[in-house]
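Enquirer: Okay, here's the structure, questions in a sec.
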There are 4 protein chains.
Amino acid sequence: MTFELGGVPIPSRLVLGTGGAANLTVLEEAIRASGTGLVTVALRRVDTTGGAAGGLLDLIDRCGVRLLPNTAGCYTAGEAVKVAQLAREAFETDWVKLEVIGDERTLLPDGVELLRAAEELVADGFTVLPYTSDDPILARRLADVGCAAVMPAGAPIGSGLGVSNPHHIRLIRQSVEVPVILDAGIGTASDAALAMELGCDAVLLASAVTRAADPVAMATAMRYAVESGRLAYRAGRIPRRFHALASTPDDGRPEL
Amino acid sequence: MTFELGGVPIPSRLVLGTGGAANLTVLEEAIRASGTGLVTVALRRVDTTGGAAGGLLDLIDRCGVRLLPNTAGCYTAGEAVKVAQLAREAFETDWVKLEVIGDERTLLPDGVELLRAAEELVADGFTVLPYTSDDPILARRLADVGCAAVMPAGAPIGSGLGVSNPHHIRLIRQSVEVPVILDAGIGTASDAALAMELGCDAVLLASAVTRAADPVAMATAMRYAVESGRLAYRAGRIPRRFHALASTPDDGRPEL
Amino acid sequence: MTFELGGVPIPSRLVLGTGGAANLTVLEEAIRASGTGLVTVALRRVDTTGGAAGGLLDLIDRCGVRLLPNTAGCYTAGEAVKVAQLAREAFETDWVKLEVIGDERTLLPDGVELLRAAEELVADGFTVLPYTSDDPILARRLADVGCAAVMPAGAPIGSGLGVSNPHHIRLIRQSVEVPVILDAGIGTASDAALAMELGCDAVLLASAVTRAADPVAMATAMRYAVESGRLAYRAGRIPRRFHALASTPDDGRPEL
Amino acid sequence: MTFELGGVPIPSRLVLGTGGAANLTVLEEAIRASGTGLVTVALRRVDTTGGAAGGLLDLIDRCGVRLLPNTAGCYTAGEAVKVAQLAREAFETDWVKLEVIGDERTLLPDGVELLRAAEELVADGFTVLPYTSDDPILARRLADVGCAAVMPAGAPIGSGLGVSNPHHIRLIRQSVEVPVILDAGIGTASDAALAMELGCDAVLLASAVTRAADPVAMATAMRYAVESGRLAYRAGRIPRRFHALASTPDDGRPEL
């Protein structure tokens, strides 16, 4: 289930966030159970000097997964660019999950600031993976300025509402060439499967796993869900019909 | 992912129908890919004298899965009871997937005839697994007369519409003690995952796999979908929220 | 917006239940605001000797609407038949809204008992209007035994969930010739409009109006909703499209 | 059903577009049947010199409704500003429905250009009514720069898909003080009622009426739908319940 992101093969189509985990032990188990190859971390959640929170970096290292710094908590392009640059130094990666939040209550992205920050970071050599709204026009503009993927929200972060607007996700899939990663909103396995069936290349989620009653079981569920959705997308599903279509035709019925 | 049906452990929560398969080779590959342990076959689809169609029985035998005869194509209780009895002799099993169809166009079950046939077959020693509508009251009555499970339709056979009424499936799950197997209507992986998340014990499908463009890939998708849905159901999903919940709280943000 | 029921023209496609009203004054205002021509009343809610509860009959009389007795609270065919017969005497009408409930928690109908009661009452000369599940096969059987309409539940009584399974309502509309009246489940105006757009001939509701914060305003809302849904159904809606269709084509754009 | 827009009372919560009408006679009948008080027209659809197309202006005048020029077909802020200015001269109104389209296939708005044009037009003294996406953050930014309302798309223009993301419409309603007018996507009456129930102050639609098989009947349907949705929104609907709530409690049931 490899896919390519910024020219790099990523071994799983499930990307995990680390926020919301009860502790590092559970998080490590969940990361391993999920089969993920890419984990996103907010700069401020990490003590890069090796203190307690620094344990998160060791953990990621130990799990052999790639680190994707994010700019969670930034509300302007300027802030996000600065956090991205700090993260580049701290983590020695020019990949960034770009978040520029528009509103505390919804945590939905601010498209105008996001596009501005994306342009600046692309120009500065970053591999930019923007967390965006599900607006197909904004997604195309982000791709046009050189983002390596677009990451539309299914629904607000932590809401567990799933994919609120499947139609927009399909439109985004049609309007860009870069990978589409459904980011935010996933609540349960069928949401993740659906996102993949809509044509997404991957799914990013955090709370759905970290805040589940049993994070490790949910991580496994999400692993299978993403694989099943991708397989189903490629397997060519049957069309929807208003009436039935007998799976067993009447020919050869025994006389009674 | 074992579950128990009629006192027997079944090694997978995915039950497959055989109708609609292009040929036996593809069907065998799909059965193996699905990981199923229980396969349903219409009596009339099988030449029990060992002719061409008899190959289906050899195939099922070879795959090491349990055979579940069904009464597809019966429109009255009387017919269904006779077919069940013939099937018992032919296949040496007293298990029967009981279908009493009410209408050619929808292939939905006729509840009155179904209940009558179920009572008769239970009295005759069968392990009765009725294909029923998603009516919670009828489901409870079927359980009350001794059926070993209830198998509500998600949507008409072959329609690929998924689970049209999740609310009714939940109500059925609450109203009976026996296993609930979602039977009919599944179109793609997320439908199967959703059925399991609603509390179903298993999913039965045929066309979604046999008529997919790539049946083997879809069989694998369904295998993972059912597992993911079951795991998610048990893992305790996060609640749905109208607003966001930050996965990464603001504490410890670096000063910029 | 007249429609015909049991050979009688009914002046509105909105049928009202009386249960749940705070008092008779509000109920009267709501009945008048709704424009209904048919009101259903449980036998036991009426003191036919002219006591306090008897005020309900006076009210209905005063409003000039037709009374439709119902058999609410009956759990067997026998009970329902008896209540129907008592109601015929008490109210001097052979119309009956036939309810045979299967379960206290869902108040969904028991199809087997319902069909039995319907047959008996039709034979006894009643105009039978059965409250049924949304099972298309059962609906057709009820029509086949001579019911004057079928009244499928959109969702459980008082649940406000709307039309849980629009597909089944469409299938019912296709499978019977008699009027289809969506009965139970309506929560708000758009639910009633949708029911009419699915092809229903009328909508019956009680709690949505009687338990609304402002019953009279909601009664008016429902009156308009039912009319709008019926008009839209007949007006021939535009097809759904995946992409846009410009309402204003580009021809004749001014040069800038 | 008056509401206020830019300080002016508008006598109906249904706003009509004129695109897609077969001819002016039908359009006039539809406008009258709809009860609308505000009609939007693309500058380029009007021959302001009094030629054939100029008939549209006479018609609007004759119907006594207010004219709202729009900038349909503009793809940049610059273009839209110029068209708005031309329209101001031609129609002697500083009201403008601001459209800046991002994509021919979806006709969805380009948020970045839209915001730019809105700022410029507000500064130039226009009453700006922007057609926007259903992005709550963008809607708030449009309100913040002084737009007199926000007009989120329910779905792409002419798609008839209704309100694809009710959650976003609710979030928009919470995030701005100015009127919210659902614009684009409406297919049928229940869509319009739902939009109003989500808290919208008005609904704007064109194709749903002009391209319906019977535009005049559909215009009437929409008139009632908008009224019913608004009334229901204010009447305080019953809560949704998983189980039933008897409208007729068991007290006082007759002994049988």
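The values are calculated or read from the model by the stated rules, or taken from the named source; none is laboratory data. Since this is a predicted model, take the numbers as computed values, not measurements. Every residue, glycine as well, gets a Cβ built from its backbone with ideal geometry; the counts of neighbours run over all protein chains shown. The protein model used for the area step is the full one, side chains on, heavy atoms only, and it has no ligands, DNA or RNA in it. Shrake-Rupley method; radii C 1.70, N 1.55, O 1.52, S 1.80 Å.
Enquirer: Return the sequence-ordered ³J(HN,Hα) values of the stretch C:190-207 in whole Hz as given by the Karplus equation 6.51 cos²θ - 1.76 cosθ + 1.60 applied to θ = phi - 60°, using x for Gly and Pro.
Expert: 5, 4, 5, 4, 4, 4, 5, 5, 6, x, 5, 8, 6, 10, 10, 8, 10, 3
Enquirer: Here is a further query. Quick one: if the Förster radius is 22 Å, what FRET efficiency do D:Val26 and D:Arg105 give, using the C-beta to C-beta distance and rounding to 0.05? Could the numbers behind the result be given before it?
Expert: Values: r = 28 Å, r/R0 = 1.28.
Result of the calculation: an efficiency of 0.20.
Enquirer: Here is a follow-up. Quote to one decimal, in nm, the extra length available between A:Phe242 and A:Thr93 on full extension: 0.36 nm per residue of separation minus the C-alpha distance between them. Present the calculation step by step, with values, prior to reporting the outcome.
Expert: On the way: separation 149, 0.36 × 149 = 53.64 nm, distance 5.15 nm.
Full extension from A:Phe242 to A:Thr93 adds 48.5 nm.
Enquirer: B:Val15's amide H: which non-local residues (gap 5+, or another chain) put their own amide H closer than 5 Å, with H modeled 1.01 Å from N in plane and none for Pro or chain starts?
Expert: B:Val203, B:Leu204, B:Leu205
Enquirer: Let me ask something else about it. Which whole-Hz couplings ³J(HN,Hα) result when phi for each residue of the stretch C:227-236 is put into the Karplus expression 6.51 cos²θ - 1.76 cosθ + 1.60, θ = phi - 60°, listed in order with x for Gly and Pro?
Expert: Values, residue by residue: 5, 5, x, 5, 4, 5, 4, 7, 7, x Hz.
Enquirer: Go through the stretch B:8-19 residue by residue and turn each phi into a ³J(HN,Hα) via Karplus (6.51, -1.76, 1.60, θ = phi - 60°); whole Hz please, and just put x for glycine and proline.
Expert: Those phi angles translate into 10, x, 10, x, 8, 8, 10, 10, 10, x, 10, x Hz.
Enquirer: Quick one: pull the percent of accessible area on the protein assembly as shown belonging to carbon and sulfur, 1.4 Å probe, ligands and nucleic acids left out. Walk me through the intermediate numbers first.
Expert: Details: 15690 of 34200 Å².
Here it works out to 46 percent.
Enquirer: Right, another one. At a probe radius of 1.4 Å, what is the per-residue accessible area of A:Thr25, in Å² to the nearest 10?
Expert: Using a 1.4 Å probe on the heavy atoms, I get roughly 90 Å².
Enquirer: Calculate the all-directions average of the projected area of the stretch D:128-243's alpha-carbon convex hull, and give it in nm². Each step should come with its number before you reach the end.
Expert: Details: hull surface 30.9 nm².
That works out to 7.7 nm², a quarter of the Cα hull's surface.
Enquirer: Return the whole-Å distance between the Cα centroid of the stretch B:141-158 and the Cα centroid of the stretch A:149-203.
Expert: Taking the Cα centre of each part, the stretch B:141-158 and the stretch A:149-203 sit 34 Å apart.
Enquirer: In the stretch D:13-235, with Lys and Arg counted as +1 and Asp and Glu as -1 at Cβ, which of these residues, D:Ser164, D:Pro136, D:Tyr224, has the Cα nearest the positive end of the dipole, that is, farthest along it?
Expert: Positive-end residue among those listed: D:Tyr224.
Enquirer: Right, next: Sort D:Val26, D:Val203 from largest to smallest accessible area, using a 1.4 Å probe on the heavy atoms of the protein chains.
Expert: Sorted by accessible area, descending: D:Val26, D:Val203.
Enquirer: Once both labels are modelled 7 Å past Cα along the beta-carbon direction, what's the A:Asp144-B:Met1 spacing in nm?
Expert: That separation, rounded to one decimal, is 4.4 nm.
Enquirer: Given a 1.4 Å probe and the protein chains all in place, what does the accessible area of A:Tyr75 round to, in Å² to the nearest 10?
Expert: Only protein atoms counted, so the area is about 70 Å².
Enquirer: Okay, moving on. Could you name the aspartates and glutamates whose alpha carbon sits less than 16 Å from that of C:Lys82, not counting residues in the same chain fewer than 8 places away?
Expert: Excluding near neighbours in sequence, the set is C:Glu92, C:Asp94, C:Glu99, C:Glu113, C:Glu119, C:Glu120, C:Asp124, D:Glu255.
Enquirer: Search the structure for amide H atoms under 5 Å from the amide H of B:Leu98, placed 1.01 Å from N in the peptide plane, and list their residues when 5 or more places away or on another chain.
Expert: Sorted by chain and number, the residues that satisfy this are B:Leu129, B:Tyr131.
Enquirer: Right, here's the next one. May I ask for log10 I(q)/I(0) of the stretch A:13-235 at q = 0.09 Å⁻¹, from a Debye sum over the Cα atoms as equal point scatterers with solvent left out?
Expert: Log10 of I(q)/I(0), two decimals: -0.31.
Enquirer: Same structure, new question: Considering only protein heavy atoms, what is the solvent-accessible area of D:Thr40 at a probe of 1.4 Å, reported in Å² to the nearest 10?
Expert: We get 10 Å² for D:Thr40.
Enquirer: Taking the Cα centre as origin and putting +1 on Lys and Arg beta-carbons and -1 on Asp and Glu beta-carbons, what dipole magnitude results for the stretch D:63-141, to the nearest 20 debye? Can you show the working numbers first?
Expert: Working: 8 positive and 14 negative charges, 39 e Å.
Using Cβ point charges on Lys, Arg, Asp and Glu, the stretch D:63-141 gives about 180 debye.
Enquirer: Let me ask another. Hey, if you put +1 on the Cβ of every Lys and Arg and -1 on every Asp and Glu Cβ in the stretch C:13-235, which of C:Trp95, C:Ala235, C:Gly55 ends up farthest toward the positive end of that dipole?
Expert: Checked the options; the winner is C:Ala235.
Enquirer: While we're on this one: 5 Å is the cut-off here: which amide hydrogens, built 1.01 Å from N in the peptide plane, fall below it relative to B:Leu161, excluding neighbours closer than 5 in sequence?
Expert: A:Arg241
Enquirer: I've got another one for you. Report the Cα-based extents of the protein assembly as shown along its three principal axes, largest first, to the nearest Å.
Expert: 78, 72, 51
Enquirer: Report relative contact order for chain B in percent, whole number only (criteria: Cα-Cα under 8 Å, sequence separation at least 6).
Expert: Values: 522 pairs, mean separation 46.4, N = 256.
18 percent.
Enquirer: Suppose we keep just the DSSP beta bridges with both residues in chain C; what percent of those would be antiparallel, to 5?
Expert: Details: 4 of 25 bridges.
If I count the DSSP bridges inside chain C, around 15 percent turn out antiparallel.
Enquirer: When the helices in chain A are scored as -39500 (n - 2.57) per DSSP H run of 4 or longer and the sum is shared across all residues, what 222 nm value do you end up with, to the nearest 500 deg cm²/dmol? Walk me through the intermediate numbers first.
Expert: Numbers: 9 runs with 101 residues, N = 256.
Taking each H run of at least 4 residues, the total per residue is -12000 deg cm²/dmol.
Enquirer: Rank D:Gly160, D:Gly185, D:Gly17 by mean-square fluctuation in a GNM of chain D with C-alpha springs under 10 angstrom and give only the top-ranked residue.
Expert: Per the Cα network of chain D with a 10 Å cutoff, D:Gly160 tops the list.
Enquirer: Just by accessible area at a 1.4 angstrom probe, what is the order of C:Arg105, A:Arg13 from largest to smallest? Show your work: numbers first, answer last.
Expert: Details: C:Arg105 110, A:Arg13 20 Å².
Accessible-area ranking of C:Arg105, A:Arg13, largest first: C:Arg105, A:Arg13.
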